[in-house]
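Beneath this line is the structure, given in structure tokens, with notes to follow.
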Amino acid sequence: SKPTVIIIGRPNVGKSTLFNRLVGKRLALVDDQPGVTRDRRFGDAEIAGLEFQVVDTAGWEDEDPASLPGRMRMQTEVSLEGADAAMFVFDARVGLTPLDEEIARWLRGQAVPVVLVANKAEGKQGDAGIYESFSLGFGEPAGISAEHGEGIGDLFERLWPII
Ligand code: GDP
Ligand code: MG
């Protein structure tokens with residue numbers, strides 16, 4: 001069966017835009033089934049012939065900060081079960097935020113391989129964020145623009161060796 005890659009990151013970094021970019025119209029049927037949590041979306045992704053199931057998450061979007069750690073563990077950890085890799089997305093223009101750092105700390109304790117994704121990196125505006133992100137310990141990020149479809153080849157090069 002196809003490998004599963006989960007998209008992780010704080011709100012507004014472009015996870016769903018990346019999901020839509022990778023899936024196009026190939027939404028998985030499970031998305032239409034009643035009872036599926038709104039916190040996850042599944043789709044069939046394809047980059048240059050590399051096929052995988054991709055999972056969009058929204059587990060950090062709770063308005064109540066006090067419940068963030070709980071939601072993180074309950075929803076994302078469950079999703080990570082069975083995932084072959086995680087794409088950890090941050091906003092390269094904004095740079096790292098405390099929530100990015102918190103998610104990174106949690107991800108480092110998980111067994112799943114992580115591909116760091118610097119989104120919104122069109123033009124040069126993401127460069128500072130890209131350099132800053134080396135401190136996370138996930139290696140060099142794939143600089144992409146999910147919205148403009150840039151850097152997807154770079155993302156492919158990070159993914160194919162590990163899935
Ligand atoms: P999510 O909350 O992580 O799922 O983020 P969304 O996919 O909903 O995107 C949040 C906002 O960022 C939206 O306004 C998107 O249009 C915008 N966005 C997403 N990807 C990019 C990108 O590559 N470049 C720029 N400039 N904006 C983007
Ligand atoms: Mg989203």
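Read-outs: derived from the displayed coordinates by stated rules, not from any lab. Predicted model only: the values in this text are computed from it and were never measured. Cβ sites come from the backbone with ideal geometry, for glycine too, and all protein chains shown count toward neighbours.
Key figures for this structure:
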read-out	value
Built amide H within the under 5 Å cut-off of GLU150, gap 5+	SER145
Net charge contributed by nearby residues that have their C-beta within less than 13 Å of ILE163 (K/R +1, D/E -1)	-2
